[in-house]
Amino acid sequence: MSECLFCRIIAGSLPTEFVYEDEHVVAFRDINPAAPVHILVVPRAHIETVADLGGDSTGVMSRLTAAANRIARESDVDADGYRLIVNCGRDGGQTVFHLHMHLLGGRKMPELAA
Ligand code: DGP
């Protein structure tokens, strides 16, 4: 069994409700929500960080973005707007080392600090 938390969620060994899934992507609610809508959009493939993506894997981010946009529409946050975040590495704030995109919505997001 994989040591990776998100691989275990994807495999179904850590029961988690998926708000979206397809052949390449799953999405589920963040356990520690930072906004009324806080969904993690995750590739099924184990990729540690966005820094691991190169020219041969550009489709991964497109798939995550397309799924996030769809979930945003289904969550009714598309009209007012939302934030998509990918944290990369320790200084980027990444704590789970399986690539994921945060979809945050349902409240006004603060401006990014300079
Ligand atoms: P990041 O800091 O970008 O690596 O985000 C990881 C997110 O994963 C963090 O916001 C909390 C969330 N998280 C951690 N463990 C679990 C879990 O077991 N289930 C769910 N649904 N989310 C988790």
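The values are calculated or read from the model by the stated rules, or taken from the named source; none is laboratory data. None of the values given here were measured: they were computed from a predicted structure. Positions of Cβ are generated from backbone atoms using ideal geometry, with glycine treated the same way; all protein chains shown enter the neighbour counts. What goes into the accessible areas is simple: the full protein's heavy atoms, side chains included, and nothing from ligands, DNA or RNA. Shrake-Rupley method; radii C 1.70, N 1.55, O 1.52, S 1.80 Å.
Annotations
- Overall form of region 8-52 per C-alpha gyration tensor (a/c, 1.5; a/b vs b/c): oblate
- Each Cα pair of the chain feeds into the Kirkwood radius, which the Stokes-Einstein equation turns, at 37 °C and 0.692 mPa s, into a diffusion coefficient of 225 µm²/s.
- Remark: relative contact order (the chain) = 30 percent; criterion is Cα-Cα distance under 8 angstrom and separation of 6 or more residues.
- Tilt relative to the chain, helix 58-74 - C-alpha long axis, 0 to 90 degrees, to 10: 40 degrees
- Theoretical ellipticity at 222 nm over the chain - DSSP helices of four or more residues, -39500 (n - 2.57) apiece, nearest 500: -6500 deg cm²/dmol
- Loop-located GluC sites (Glu not before Pro) in region 22-114 (DSSP state other than H, G, I, E, B) with a sparse environment of at most 12 neighbouring Cβ atoms within 10 Å: Glu23, Glu111.
- Accessible area expressed per residue, the chain, with surrounding protein chains retained (probe 1.4 Å, Å²): 61 Å²
- Point-charge dipole on Cβ atoms (K/R +1, D/E -1) for the chain, about Cα centre, debye to 20: 200 debye
- Amide H contacts of Val19 (H built 1.01 Å from N, in plane; Pro and chain starts excluded): Ala27, Phe28, Arg29 sit under 5 Å, all sequence-distant by 5 or more or on other chains.
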